[in-house]
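Below: one structure, written as structure tokens.
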Amino acid sequence: MSVLIYTEFSEGKFKKVALELASYAKKVAESLGTTVTAVTVNAGDVSELGKYGVDKVLKVTDSKLDKFNAKAYADVVKQAAQKEGAKVVILSSTTDSLYLAPIVAVGLDAGYASNVVALPVSTSPFQVKRNAFSSKGFNVTELTSDVKVIALAKNSFGLAEASGAAATEDFAVTLNDADFNIHIQSQEKASGQVSIADAEIVVSGGRGLKGPENWGMIEELASVLGAATACSKPVSDLDWRPHSEHVGQTGKPVASNLYIAVGISGAIQHIAGINASKVKVVINTDPEAPFFKVADYGVVGDAFQVVPELIKKLKEFKANNN
Ligand SMILES: Cc1cc2nc3c(=O)[nH]c(=O)nc-3n(C[C@H](O)[C@H](O)[C@H](O)COP(=O)(O)OP(=O)(O)OC[C@H]3O[C@@H](n4cnc5c(N)ncnc54)[C@H](O)[C@@H]3O)c2cc1C
């Protein structure tokens, strides 16, 4: 009756969210007096999971699962949950897992709570705290079904190392041919950069930067901070930056530790996607820009003066502290 998690593996390693999920599941399992089982799909070395509290890994290896397929992956998670008799199944809030979780819940006849931001308020009855209204509020949701599926919001729990090693078991699943009737012809992936999903820090630029030729300082600031770069919707609509960088209500959600907005006004649709970030900083010439109302720190100033100065100071700080 272990707690089951689905741990995403990409480009030769587990995603940070997978390790966060393991850390979280360990605590949930402890409060339920049980263990954590992780299911992996075409993962290589899985030993890292043991360091974050996973007791057992079910390794699924099948070339048909090389590319993400929500229905087939949901079937994998469902079969793993049934094998383990898991009453609590936990997924992350990546784009893939947000597709998966509801399908898993239907397959297991389970209640489903997304956007969970903390350890269960209570395990009997099973109640979880969730983000609501684009992270402007919280609610507590009670799941009364026998099996419960929850999705942990990104960067809401953090990593907690545990001592121990996970036992590994190869797990053969039965796949349904009907789930493979969509063929992906090609995939384009941004590589060599910090992804917005995994980033601890995000540096984001808006229309206040005037044009794509001015993004050098945003990239340099991101590079000094080890951050991902992002942008507002009009910036990607204007093709100043790729659509993969568009964040907000209609773009990617950001739940980083630090979000730096440069020349972004702070329209409600932008804030909706970045509100879950822990510390928000804005640099804007207009003191009336709405972003200042939600920011933790703000600089009223011209980005073309403030950002180069910030880069200079950060470089000095790093040089003096290395
Ligand atoms: C249905 C819908 C969905 C949407 N979804 C999204 C979304 O997901 N994400 C999103 O971002 N937007 C979204 N929008 C658009 C949103 O409403 C805003 O129009 C957009 O966020 C504004 O982008 P911006 O802040 O870059 O540009 P602007 O609103 O033009 O703001 C530019 C800012 O830069 C400042 N500035 C100018 N010069 C400088 C300088 N030299 N230094 C510093 N600051 C300077 C200005 O004072 C201003 O505040 C959506 C809109 C709709 C209707």
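If you take the residues of the range 233-261 that are of a type in the set (S, T, N, Q) and without any contact (Cβ under 8 Å) to a residue 24 or more places away in the chain, which of them is surrounded by the most Cβ atoms within 10 Å (Cβ to Cβ)?
As a first pass, look at the range 233-261 and keep what is of a type in the set (S, T, N, Q): 236, 244, 249-250, 256-257.
Now narrow it down to the ones that are without any contact (Cβ under 8 Å) to a residue 24 or more places away in the chain: 236, 250.
Details: Ser236: 19, Thr250: 11.
This residue is Ser236.
All but one of (1) open to solvent by 40 Å² or more (accessible area, probe 1.4 Å); (2) within 11 Å of the ligand (Cβ to nearest atom); (3) not basic (Lys, Arg) hold for Ile264; state the number of the condition that does not hold.
(1)
Collect the residues in the range 227-243 that are more than 13 Å from the ligand (Cβ to nearest atom) and under 22 Å from the mean Cα position of the chain (by Cα), keeping them in residue-number order.
Selection gives Ala227, Ala228, Thr229, Pro242.
Okay, residues lined up against (1) small (Gly, Ala, Ser); (2) in contact with a Ser or Thr (Cβ under 7 Å, 6 or more places away or on another chain); (3) within 11 Å of the ligand (Cβ to nearest atom):
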| residue | (1), (2), (3) |
| --- | --- |
| Val282 | no, no, yes |
| Thr285 | no, no, yes |
| Glu288 | no, no, yes |
| Lys293 | no, no, no |
| Asp296 | no, no, no |
| Gly301 | yes, yes, yes |
| Val307 | no, no, yes |
| Lys315 | no, no, no |
| Asn320 | no, no, no |
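Taking the range 207-226 as the search range and keeping residues that are of a type in the set (A, V, I, L, M, F, W, C) and open to solvent by 10 Å² or more (accessible area, probe 1.4 Å), which one is nearest to the ligand (Cβ to nearest atom)? Quick ask: steps written out before the conclusion?
Our first condition is that a residue be of a type in the set (A, V, I, L, M, F, W, C); within the range 207-226, this holds for 209, 215, 217-218, 221-222, 224-225.
Adding the requirement that they be open to solvent by 10 Å² or more (accessible area, probe 1.4 Å) leaves 217, 224-225.
On the way: Met217: 11, Val224: 19, Leu225: 18 Å.
Selected residue: Met217.
Report yes if some residue within the range 86-95 is surrounded by fewer than 17 Cβ atoms within 10 Å (Cβ to Cβ), farther than 21 Å from Val54 by Cβ and in contact with a Leu (Cβ under 9 Å, 6 or more places away or on another chain); otherwise report no. Before the answer, list the steps.
Of the residues in the range 86-95, the ones surrounded by fewer than 17 Cβ atoms within 10 Å (Cβ to Cβ) are 95.
Within this subset, residues satisfying the condition of being farther than 21 Å from Val54 by Cβ are 95.
Right, trim to in contact with a Leu (Cβ under 9 Å, 6 or more places away or on another chain) and you get none.
Looking through the range 86-95, none of the residues is surrounded by fewer than 17 Cβ atoms within 10 Å (Cβ to Cβ), farther than 21 Å from Val54 by Cβ and in contact with a Leu (Cβ under 9 Å, 6 or more places away or on another chain).
The values are calculated or read from the model by the stated rules, or taken from the named source; none is laboratory data. As the structure is a prediction and not an experimental result, all values here were calculated from the model. Reconstructed Cβ throughout: ideal geometry from the backbone, glycine too, with neighbour counts over all protein chains shown. The accessibility values were calculated without ligands, DNA or RNA, using every heavy atom of the protein model including side chains. Shrake-Rupley method; radii C 1.70, N 1.55, O 1.52, S 1.80 Å.
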